[in-house]
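The values are calculated or read from the model by the stated rules, or taken from the named source; none is laboratory data. None of these values were measured; they are calculated from a predicted model. Cβ atoms come from the backbone with ideal geometry, glycine included; neighbour counts cover every protein chain shown.
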Amino acid sequence: MDNSYRTELVDTHDARNAIDALLAGREVAIKKNGVFGCSTKWQEKQASSVASLKKIEGQPVTLEMASASDLQTLRTNPTRHMLLVSFWATWCGSCIEEFSDLQDTFRMYKVRDFDLVTVSANMPGEKPGVLKMLEKKHATSRNLLFASTDTASLQVAFDPSWESAVPYTVLLVASIGKGDASCSSGKLYAQF
């Protein structure tokens, strides 16, 4: 589209120039441009896309109960990855709407230093409905469910400043081993 994939380095707009030339009946100056970045998704690759989806659908979907202690540990981000933690509920329309995008992001980046944990704020007795939704969305991430009906104490266990709304999503930086002071364990990187 442009002569660089980095916006600040763009000095020609090749796609726009080609369209303007065609509309004006002029010869297109740059007829072909190499691309840098993700590959173009060609229709003939559809079979591999279907195979990938079948592989995802074949992976197990699990749901673990999460206590206040589990949520405190989760907040410290014991992984060596960036950790996206998303709190949601089956009764929250916007939570359900964004859920597939979170799973897509997880599938794209799980081969890198990235993990996703979803935490349902539903009541423990609603576990079958939560699991059914997770299965429908092919949620192969780590999935947790509040293990108590005292949702306020579970929210505070993860984040005392959380104002009780869902969806509530945070990105935590990676834990770093002893001797490396470049970042602290469980440090909040972004909150959505």
- [ ] State which residue pairs qualify: first residue in a loop (DSSP other than H, G, I, E, B) and inside region 158-170, second residue charged (D, E, K, R) in any location, beta carbons under 7 Å apart, and separation of 6 or more residues or different chains.
- [x] Asp159/Arg75; Pro167/Glu98
Task: Selection within region 54-113 - of a type in the set (A, V, I, L, M, F, W, C), surrounded by 15 or more Cβ atoms within 10 Å (Cβ to Cβ) and not in a helix (DSSP H, G or I) - done: Val61, Leu63, Ala66, Met82, Leu83, Leu84, Val85, Phe87, Trp88, Ala89, Cys92
Open item on the list: The conditions are (1) more than 25 Å from Gln59 (Cα to Cα); (2) exposed (fewer than 15 other Cβ atoms within 10 Å of the Cβ); (3) within 14 Å of the chain's Cα centre (by Cα); (4) at pLDDT 90 or above, and Phe192 fails exactly one of them. Which is it?
Closed with: (4)
Task: Conditions (1) touching a Ser or Thr at 6+ places or on another chain (Cβ under 8 Å); (2) more than 21 Å from Ala165 (Cβ to Cβ); number of the one not met by Trp88 - done: (2)
Open item on the list: Taking the criterion of being touching a Lys or Arg at 6+ places or on another chain (Cβ under 9 Å) and over 19 Å from Ala66 (Cβ atoms), would at least one residue in region 158-174 satisfy it?
Closed with: yes
TODO: For region 144-163, enumerate the residues that are under 21 Å from the mean Cα position of the chain (by Cα) and at pLDDT below 90.
DONE: Trp162
Open item on the list: Every residue in region 27-53 that is modelled with pLDDT of 80 or more and surrounded by 10 or more Cβ atoms within 10 Å (Cβ to Cβ), please.
Closed with: Val28, Ala29, Ile30
